[in-house]
Amino acid sequence: MKRNYNWAKVTLVLGGILGLGWLSTPVTARDMEIRMVDEDTTIVVVAEVQPEFNGNLNQWIGENVQYPQEAYEKQIDGRVFITFVIEKDGSVSRARVARSAHPLLDAEALRVISGMPKWKPAMSGGKAVRFEKTLPITFKYTPQETVLTFEEYLKNLEEERVMLEKGEKMNLEDMARRVNAFKEQLGDDATLRKMLLEKSQSIKGQIDSTVKAQTKVLKLKKNDVKELTKIYEDEIDAKIKLIESLGTDQFISYFVESELEMRKIEMDKMLKIKDLLKDRFKLYFENYILRP
């Protein structure tokens, strides 16, 4: 049972946060500026009701972006920010490159955004308004398709364990870049904190059903079921406790600083599952790591 790990050449910078498959949301404009033209053509960046894409925005973009062949051959990648206007009827207009990565990538990102279907328009005072929004599209160069074997996974797991024991932290430049990315994608400190806590509680509520499904595949005994449940509960409880300890003020900065601790919590979970399952850990790898 194998899984293609580099299944896409184009990825969105969305967050797969904490390795839990957490939900991501598009960039939300926070600038309070309002540019007045006239009553009919005003463009706002803040509205009582935000515009809403009809469907899964991330999926739509992922399915429509095509990595430019020349850029791929030259191993060019990067993130492009496109600013555009959602008109009163929901159509997209005035798309422009707000932050460039490379002309080839800029052109493709601009093409995709310009061709978006209609949104549900922003509303203020019960009326549709023209709304300016910015979205990032990230092009990630992947040199070739690879298949992760069980032996390679065990090697990676051990290397990760050693690295975490050394406590190697992100440099300040990378840390600042991640803080800005979170703010651009997910909003302010309070919004992200609430999102993570709600998602954590949701995952915790699904533990029993998750273990029940895994019991059939892994042929777990009663004591194994109890222990596996506890491993999952301990992990999510530790993450919730860590998130709560960061407070709300400057949460995003503290959260980025704490990512090493989050990874240690996840590593502890995987090592405990490996010890619990022993020979069956390969079956766990094939069913729940390669195909989560």
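From the list I265, I243, the lone residue that is within 20 Å of L154 (Cα to Cα), buried (at least 18 other Cβ atoms within 10 Å of the Cβ) and touching a residue at least 12 places away in the same chain (Cβ under 8 Å) is I265.
Filtering the range 126-148 to residues that are modelled with pLDDT of 90 or more and not in a strand (DSSP E or B) leaves only G126.
Total residues in the range 163-208 satisfying the condition of being small (G, A, S) and either over 15 Å from the mean Cα position of the chain (by Cα) or open to solvent by 40 Å² or more (accessible area, probe 1.4 Å) (or both): the figure is 5. From the list K140, K133, the lone residue that is under 23 Å from the mean Cα position of the chain (by Cα), charged (D, E, K, R), open to solvent by less than 30 Å² (accessible area, probe 1.4 Å) and within 18 Å of Q185 (Cβ to Cβ) is K133. Selection of the range 44-77 for residues being among the charged types (D, E, K, R), touching a strand residue (DSSP E or B) at 6+ places or on another chain (Cβ under 9 Å) and either open to solvent by 80 Å² or more (accessible area, probe 1.4 Å) or without any contact (Cβ under 8 Å) to a residue 12 or more places away in the chain (or both) yields E48, E52. Among the residues of the range 182-208, the ones that are outside any helix (DSSP H, G or I) and out of contact with any Ser or Thr (no Cβ under 6 Å at 6 or more places or on another chain) come to 2 in all. Contact annotation: residue pairs with Cβ atoms under 6 Å, 6 or more positions apart or on different chains, pairing a residue in the range 85-100 that is over 17 Å from W119 (Cβ atoms) with a partner that is of a type in the set (S, T, N, Q) and outside any loop (DSSP other than H, G, I, E, B), are R96/T83; A98/T83; A98/T134. No other residue among V179, V211 is part of a helix (DSSP H, G or I), in contact (Cβ under 8 Å) with a residue 40 or more places away in the chain and not aromatic (F, W, Y) apart from V179. Between V211, V225, the distinction of being hydrophobic (A, V, I, L, M, F, W, C), within 15 Å of I273 (Cβ to Cβ) and open to solvent by less than 20 Å² (accessible area, probe 1.4 Å) belongs to V211 only.
Given the conditions (1) in contact with a helix residue (DSSP H, G or I) (Cβ under 8 Å, 6 or more places away or on another chain); (2) farther than 24 Å from L172 by Cβ, which single one is not true for G247? All conditions pass for G247, except number (2). Among the residues of the range 85-123, those that are open to solvent by 30 Å² or more (accessible area, probe 1.4 Å), among the charged types (D, E, K, R) and over 14 Å from V44 (Cα atoms) comprise D89, R96, R99, R111, K118, K120. Residues considered: D275, D234. Of these, the only one that is within 17 Å of K199 (Cα to Cα), more than 21 Å from the chain's Cα centre (by Cα) and of a type outside the set (S, T, Y) is D234.
The values are calculated or read from the model by the stated rules, or taken from the named source; none is laboratory data. Remember, it's a predicted structure, so these values are computed and weren't measured experimentally. With ideal geometry, Cβ positions are generated from the backbone for all residues, glycine too; neighbour counts draw on all protein chains shown. Heads up: the accessible areas ignore ligands, DNA and RNA and are worked out on the full protein's heavy atoms, side chains in. Shrake-Rupley method; radii C 1.70, N 1.55, O 1.52, S 1.80 Å.
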